[in-house]
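Each remark here refers to the structure printed beneath this line.
The values are calculated or read from the model by the stated rules, or taken from the named source; none is laboratory data. Just so it is clear, the model here is predicted, and its values are computed rather than measured. Here the Cβ positions follow ideal geometry from the backbone for every residue, glycine too, while neighbour counts run over all protein chains shown. Protein only, heavy atoms only, side chains kept; ligands, DNA and RNA dropped before computing areas. Shrake-Rupley method; radii C 1.70, N 1.55, O 1.52, S 1.80 Å.
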Amino acid sequence: MKDWEEDTGQRLSPQHVHTSDSNRANYQLLFSTGEELEQKVIKLINCARTKLTIATPYFIPSERLMDALISAKEKGVSIDILLPDNTDAWFTKPPSYPKTEKLLSKGIRIFLYEKGFFHGKVMIIDHTVANISTANWDPRSFYLNDEASCIIYDREIIAHVEREINEDKANSRRLTKRVIDEIPKWERSL
């Protein structure tokens, strides 16, 4: 409704929404514009104690996000990141190379999805919290775009999302130092 008003100048009133009594999932909706999203994601990363899984189609995190990920890893958190091997926006891959190389050197596992273009936007913390979002891990989402996130606390739903992500990881190849070294120099220079 906010986007509609910004784009058209027309203010809409909320319509009555019917909810089912059988829907008992515990969740929180978060809407953000600009920098506040980065702060929220860092808070979620800092909550991780054992396991953090991130899936995103574009991965160009800020230094603050990089620091949060590295700090979590140094505290003993196992971190997996799922990215597409093939992207629909080639210009987003070269800026991610130094980021993924640095995280790989810290022991963070990175998977490159090979069965088409991966466009999921998920973060799962300790099998107990999931963030399913419209936001990518890039500057546009963290500093410019209006984004929506659904923070889910329902273990059954989270287990289902984890099974899907694990299937996607099974359809991926691991990013290794060798894979990075095989990136053509001209592409890395971009």
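Taken over the stretch 95-130, the criterion of being surrounded by fewer than 21 Cβ atoms within 10 Å (Cβ to Cβ) and either among the aliphatic types (A, V, I, L, M) or closer than 24 Å to CYS150 by Cα (or both) is satisfied by LEU104, LEU112, PHE117, HIS119, GLY120, LYS121, VAL122, ASP126, HIS127, THR128, VAL129.
Within the stretch 122-138, being modelled with pLDDT under 95 and closer than 29 Å to ARG178 by Cβ holds for ASN136, TRP137, ASP138. Just to be sure I understand, how many residues within the stretch 37-82 are assigned to a helix (DSSP H, G or I), open to solvent by less than 20 Å² (accessible area, probe 1.4 Å) and touching a strand residue (DSSP E or B) at 6+ places or on another chain (Cβ under 8 Å)? Matching residues across the stretch 37-82 total 6. Residues in the stretch 64-93 that are modelled with pLDDT under 95 and of a type in the set (Asp, Glu): ASP85, ASP88. The residues of the stretch 131-158 that are open to solvent by less than 40 Å² (accessible area, probe 1.4 Å) and either in a strand (DSSP E or B) or closer than 17 Å to ILE79 by Cα (or both), listed by number, are ASN131, SER133, TRP137, GLU147, ALA148, SER149, CYS150, ILE151, ILE152, ILE158.
Can you find a residue in the stretch 165-177 that is in a helix (DSSP H, G or I) and touching a Phe, Trp or Tyr at 6+ places or on another chain (Cβ under 7 Å)?
Filtering the stretch 165-177 down to residues in a helix (DSSP H, G or I) leaves 165-170, 177.
Checking the rest, the ones that are also touching a Phe, Trp or Tyr at 6+ places or on another chain (Cβ under 7 Å) come to 168-169.
Yes, the stretch 165-177 has at least one match.
Screening GLN28 with (1) at pLDDT 75 or above; (2) in contact with a helix residue (DSSP H, G or I) (Cβ under 7 Å, 6 or more places away or on another chain) gives one miss only, at (2). Contact annotation: residue pairs with Cβ atoms under 6 Å, 6 or more positions apart or on different chains, pairing a residue in the stretch 132-155 that is farther than 16 Å from LYS99 by Cβ with a partner that is open to solvent by 30 Å² or more (accessible area, probe 1.4 Å) and among the polar types (S, T, N, Q), are ASP146/THR33; GLU147/THR134; ALA148/THR134; ILE151/GLN28; TYR153/ASN26; ASP154/ASN26.
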